[in-house]
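Engineer: This is the structure I have questions about; it appears just below.
The values are calculated or read from the model by the stated rules, or taken from the named source; none is laboratory data. Please read these numbers as outputs of a predicted model, since none were measured by experiment. FYI the Cβ positions are ideal-geometry reconstructions off the backbone, even for glycines, and counts take in every protein chain you see.
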Ligand SMILES: [Zn+2]
């Protein structure tokens, strides 16, 4: 009975609510097709200093961006800006000048006023007509193209807003475009917020067995705690691991150690699947690592999906804290940057790009945010990020684009020319995680003017899931040229 009584009030409320929402949506959608007006010039012309800052922060050392001698002999004929910097040039900066205030898309302000105050970028699609050269001034004009109905997402209820920005040079020539989609949402209304508040205290994990540390092995564990891999070495030259009491080669008890580089190769690997031991993380990859110094070490291989682990794969030391103990584990080494450029005929549909782990450090998140002139506090100020409901600072979308571009040209070579870069974001990249990039050749087109189009499918995965999924179209030189 009480239910029947309550119902009319409730439905009147929800009817009012629905009317308010419909009115807001109508108002927002009435601005579709409007632009921010005449193209606004960027604050600075394309310049080497900002490119170098970007290149350092992203560790993208493509010489076409930073080496004038190499660039002069390249397909570009001179230094060019990394294509993924497209929207970095026109960012408003930390203290937007008065002339820029009120020149943005006012849909965001209207959503703020209606309570949708939180924001997250979800899609970035760049089209590159050509690469930008030093001294060019970019101009930009943004058009609102889409406002979604209110949607319930894991982050909160909100509207997806899509804009298209066109980039022109001083002469009015179109040099690029960006389709950008963000979610404006009500903070605290999502599943993620709800589960964070109501979550039962985490069940304590069973303690992982601690390594046996003795007088003979203490130097090894002391080294790990200090971030170095110490390997026992005898004066006769023999290396031993695990450490021994006496050298089996020359018989001495007087043994020292060296600090190994931490680089090695997977000599063999195995993946225990059953029974699962609760104190370990699965999939658990056990690898016998051959160190470059010549001895072998039994360890775990992390930050890579099991099907990508290969015998002979280059790995590097990563020290992992586990139940209060620091353990030596290994992750795939970053693939070397290709110095010559792949030819169109060298690649085939289905070719895999070597996985590339990217450790997500606070330095990476902060330096790349600033290099892309993105001063949103959630990308550099941990206290404010927490206040806004995030567990920590997180990577900005320009960096996800920049790292995708780096992955493509490190694999294909410096003179691979990106035509576009489209990414969709999933879970955030928080500090102390690792994003591993995977990619493959998804398609090839027909050679024209000595260059052939190749489509890459890429994804970047961290310990929570997919951070990004996307595609890149690029052109490679053809043998026929
Ligand atoms: Zn010896």
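Engineer: Please report, ordered by residue number, the strands (runs of 3 or more DSSP E) entirely within the stretch 291-335 with at least 3 residues that are closer than 25 Å to residue 258 by Cβ and touching a helix residue (DSSP H, G or I) at 6+ places or on another chain (Cβ under 8 Å).
Structural biologist: On the way: elements: 296-300, 314-322, 325-332.
Per the criteria, 325-332.
Engineer: Going by the conditions given, is residue 288 closer than 23 Å to residue 216 by Cβ, away from the ligand (no atom under 16 Å from the Cβ) and modelled with pLDDT of 95 or more?
Structural biologist: Working: closer than 23 Å to residue 216 by Cβ: yes; away from the ligand (no atom under 16 Å from the Cβ): yes; modelled with pLDDT of 95 or more: yes.
Yes: the conditions hold for residue 288.
Engineer: Let me ask something additional. Any idea how many residues of the stretch 358-382 are touching a residue at least 40 places away in the same chain (Cβ under 8 Å) and either within 15 Å of residue 402 (Cα to Cα) or surrounded by 14 or more Cβ atoms within 10 Å (Cβ to Cβ) (or both)? Lay out the reasoning, then the answer.
Structural biologist: The first filter runs over the stretch 358-382 and keeps only residues touching a residue at least 40 places away in the same chain (Cβ under 8 Å), leaving 358-362, 364-365, 367-368, 370-375.
Among the residues that remain, those that are also either within 15 Å of residue 402 (Cα to Cα) or surrounded by 14 or more Cβ atoms within 10 Å (Cβ to Cβ) (or both) are: 358-360, 362, 364-365, 367-368, 370-375.
Counting residues in the stretch 358-382 that are touching a residue at least 40 places away in the same chain (Cβ under 8 Å) and either within 15 Å of residue 402 (Cα to Cα) or surrounded by 14 or more Cβ atoms within 10 Å (Cβ to Cβ) (or both) gives 14.
Engineer: What about residue 269, is it loosely packed, with under 11 Cβ neighbours inside 10 Å, within 38 Å of the chain's Cα centre (by Cα) and either closer than 25 Å to residue 321 by Cα or away from the ligand (no atom under 16 Å from the Cβ) (or both)?
Structural biologist: Values: loosely packed, with under 11 Cβ neighbours inside 10 Å: no; within 38 Å of the chain's Cα centre (by Cα): yes; either closer than 25 Å to residue 321 by Cα or away from the ligand (no atom under 16 Å from the Cβ) (or both): yes.
No.
Engineer: Moving on. Does residue 299 qualify as being in contact with a strand residue (DSSP E or B) (Cβ under 9 Å, 6 or more places away or on another chain) and away from the ligand (no atom under 16 Å from the Cβ)?
Structural biologist: On the way: in contact with a strand residue (DSSP E or B) (Cβ under 9 Å, 6 or more places away or on another chain): yes; away from the ligand (no atom under 16 Å from the Cβ): yes.
Judged against the criteria, residue 299 is a match.
Engineer: Name the residues in the stretch 245-266 that are near the ligand (Cβ under 10 Å from one of its atoms) and touching a strand residue (DSSP E or B) at 6+ places or on another chain (Cβ under 8 Å), would you?
Structural biologist: Correct list: 247, 248, 255.
Engineer: What are the residues in the stretch 210-243 that are without any contact (Cβ under 8 Å) to a residue 40 or more places away in the chain, within 16 Å of the ligand (Cβ to nearest atom) and in contact with a strand residue (DSSP E or B) (Cβ under 7 Å, 6 or more places away or on another chain), if any?
Structural biologist: 232, 233, 243
Engineer: Among the residues of the stretch 180-193, is there at least one that is modelled with pLDDT of 95 or more, closer than 30 Å to residue 259 by Cβ and either under 36 Å from the mean Cα position of the chain (by Cα) or within 16 Å of the ligand (Cβ to nearest atom) (or both)?
Structural biologist: no
Engineer: Quick test for you: out of 416, 412, 385, pick the one residue that is free of Cβ contacts under 8 Å to residues at least 12 places away in the same chain, crowded, with 19+ Cβ neighbours inside 10 Å and outside the structural domain of residue 91 (by TED's automatic domain parsing). Write out each step before concluding.
Structural biologist: Details: 416 fails: free of Cβ contacts under 8 Å to residues at least 12 places away in the same chain; 412 fails: free of Cβ contacts under 8 Å to residues at least 12 places away in the same chain.
Exactly one residue qualifies, and that residue is 385.
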